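Asks: Pasting in a structure now, in structure tokens, and then I'll have a few things to ask.
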Amino acid sequence: MELIWDQTYECMEREEIQQLQLERLQATLNRAYKNVTCYRNKFNELGIVPEDIQSLSDLTRLPFTTKEDLRLNYPYGMFAVPLREVVRIHSSSGTTGKPTVVGYTKHDLKTWSGLVARFMTAAGVTHDDVVQIAFGYGLFTGAFGLHYGSETIGASVIPMSSGNTEKQIMIMQDYKSTALVCTPTYAITLADKMERMGIDPKNLSLKVGLFGGEPWSESMRKEIETRLCLSATDNYGLSEVIGPGVAGECSCKCGMHIFEDAFIPEIIDPETCQVLPPGSVGELVLTTLTKEALPMIRYRTRDITSLDYSKCDCGRTMVRMKKTMGRSDDMLIIKGVNVFPSQIEEVLFAIEGCEPHYQLVVDRIGAMDELEVRIEVTENIFFDEMKKQRAFLEMVEKKIASMLGVGATVKLVEPNSIPRQEGKASRVIDKRKI
Ligand SMILES: [Zn+2]
């Protein structure tokens, strides 16, 4: 029997979910309209008032909210409650300009912890677990979200924070950590380090890994599961919407259940902003239904995924979102084709001899886009045998071309020559000046 943290909500019938969503949406809109100038202005511009929203399908009439709105109203302009009711502030790093600031009321923190407890339970964490959190503690929501979720479940939390890989491994051995929380990239870094230190993960106590904070592929899951001897699960969230706790995988690992009593998901075409029919791949848009301090109406996440409303074997009724394929602003358009780094990753991970480290270089030669994929190969692979090397390259190029629908040149590079990063990976160099 699959353990479910909050059976009442997670297993609701579709009709009940929709009824609850409509009630909560109307309440959210009223509060946002009354208390947040940015929303009131946007609604007024379109000539709508919260009372116009009488059904869930009316949602499409509402304006989108973007990261830019948060920046323009920096720091507290989007808050729907006075600052004295805010008990926690986080922020997310901006690649350009000011970071975005997010706030939580006491009630928001409780809601958040409960949502994280749901996906941690779905991943297999119980009060018997020892959870090692290797996300950075600070303004970033990741570490605190998982921290409070673990405590809500009653697990023992080790607030290790990020970095210091050797110490992470020592703690893991000595404290007998059973659950690991970090980015998937960092999980690979840990596996690499263990290998170099001569530590066999089989001798550790690890059971479950909860990996988030960046997109990762199915092949990367297999790689992590084999190398760290644990069950690797994905979860999804973003600071602007709540932090981790928007969605998470159950034991079926066939998509992440979105907690629909707290969020309404939509999928739009990132270019035209039109809502796409169920099953389509596009940008995820989220509306919050329970947040007090920072309600988000139709927030454009920039994450690319699709929704699956079919029944899940675990017993949860909430819609599942696919693993994210990348961000709509990471999307590379090469010769007119949409390319996500994650697709190339998927191909590479499935090939024997490829290390999970790669780099994409995009350039424009004349009027033509050129994509070069640099891959590291394992030390014992034929750098000396030219014929075998050429056959290997051709095989990889073929697989990439069939996955992307656009050709690429594959180049082998020496082991350890692609820069490693702890935390988020940056794998694309775009030299095009457009
Ligand atoms: Zn499920």
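The values are calculated or read from the model by the stated rules, or taken from the named source; none is laboratory data. Model, not experiment: these values are computed from the prediction. All Cβ positions, even for glycine, are placed from backbone atoms using ideal geometry, and neighbour counts span all protein chains on display. Areas reflect the complete protein model, heavy atoms only, side chains present, ligands, DNA and RNA absent. Shrake-Rupley method; radii C 1.70, N 1.55, O 1.52, S 1.80 Å.
Asks: Every residue in segment 300-357 that is buried (at least 18 other Cβ atoms within 10 Å of the Cβ), more than 14 Å from the chain's Cα centre (by Cα) and of a type in the set (S, T, Y), please.
Replies: Within segment 300-357, T317 is the sole residue that qualifies.
Asks: Let me ask something additional. Contact list please: Cβ distance under 7 Å, first residue in segment 160-175 and open to solvent by 80 Å² or more (accessible area, probe 1.4 Å), second residue of a type outside the set (A, V, I, L, M, F, W, C), pairs at least six apart or on different chains.
Replies: Hits for this filter: E166/K193.
Asks: If we scan segment 53-66, do we find a residue that is open to solvent by 40 Å² or more (accessible area, probe 1.4 Å), hydroxyl-bearing (S, T, Y) and part of a helix (DSSP H, G or I)?
Replies: There is at least one residue in segment 53-66 that is open to solvent by 40 Å² or more (accessible area, probe 1.4 Å), hydroxyl-bearing (S, T, Y) and part of a helix (DSSP H, G or I).
Asks: Which fully enclosed strands (runs of 3 or more DSSP E) of segment 304-366 have 1 or more residues being away from the ligand (no atom under 16 Å from the Cβ), out of contact with any helix residue (DSSP H, G or I) (no Cβ under 6 Å at 6 or more places or on another chain) and among the acidic types (D, E)?
Replies: 354-365
Asks: Does segment 283-294 include one or more residues that are assigned to a loop (DSSP other than H, G, I, E, B), within 19 Å of the chain's Cα centre (by Cα) and either within 16 Å of the ligand (Cβ to nearest atom) or of a type outside the set (A, V, I, L, M, F, W, C) (or both)?
Replies: Checking segment 283-294: not a single residue is assigned to a loop (DSSP other than H, G, I, E, B), within 19 Å of the chain's Cα centre (by Cα) and either within 16 Å of the ligand (Cβ to nearest atom) or of a type outside the set (A, V, I, L, M, F, W, C) (or both).
Asks: When you go through E385, E372 one by one, which is the residue that is more than 31 Å from the chain's Cα centre (by Cα), open to solvent by 40 Å² or more (accessible area, probe 1.4 Å) and of a type outside the set (A, V, I, L, M, F, W, C)?
Replies: Just a single option satisfies the conditions, and that option is E385.
Asks: Can you find, within segment 75-133, the residue that is least open to solvent (accessible area, probe 1.4 Å) among those that are among the polar types (S, T, N, Q), farther than 22 Å from V157 by Cβ and within 18 Å of the chain's Cα centre (by Cα)?
Replies: T100
Asks: Continuing with the same structure: Kindly list, by first and then second residue, each pair from a residue in segment 1-13 that is away from the ligand (no atom under 13 Å from the Cβ) and of a type in the set (A, V, I, L, M, F, W, C) to a residue that is modelled with pLDDT of 95 or more and not in a loop (DSSP other than H, G, I, E, B), limited to pairs with Cβ atoms under 8 Å and residues at least 6 apart or on different chains.
Replies: Short answer, once both residue conditions are applied: M12/L20.
Asks: For residues in segment 193-215 being over 27 Å from D128 (Cβ atoms) and modelled with pLDDT under 95, which is most open to solvent (accessible area, probe 1.4 Å)?
Replies: Among those residues, the one meeting the criterion is P215.
Asks: For segment 134-151, what are the residues that are under 25 Å from I4 (Cβ atoms) and open to solvent by 60 Å² or more (accessible area, probe 1.4 Å)?
Replies: Passing the criteria: Y148, E151.
Asks: On the given criteria, is T409 closer than 30 Å to T8 by Cβ and open to solvent by 40 Å² or more (accessible area, probe 1.4 Å)?
Replies: No, not satisfied.
Asks: Then there is this: Of everything in segment 216-238, what is open to solvent by 10 Å² or more (accessible area, probe 1.4 Å) and part of a loop (DSSP other than H, G, I, E, B)? Give them in sequence order.
Replies: C229, L230
Asks: Further question: What about C250, is it modelled with pLDDT of 90 or more, crowded, with 20+ Cβ neighbours inside 10 Å and within 16 Å of the ligand (Cβ to nearest atom)?
Replies: Considered against the rule, which asks whether it is modelled with pLDDT of 90 or more, crowded, with 20+ Cβ neighbours inside 10 Å and within 16 Å of the ligand (Cβ to nearest atom), C250 comes out as yes.
Asks: Which residues, taken from segment 4-17, are surrounded by fewer than 15 Cβ atoms within 10 Å (Cβ to Cβ) and either part of a helix (DSSP H, G or I) or modelled with pLDDT under 95 (or both)?
Replies: Q7, T8, R14, E15, E16
Asks: If the requirement is being within 16 Å of the ligand (Cβ to nearest atom), at negative phi and buried (at least 22 other Cβ atoms within 10 Å of the Cβ), which of these qualifies: F263, F259?
Replies: Within the list F263, F259, the selection yields F259.
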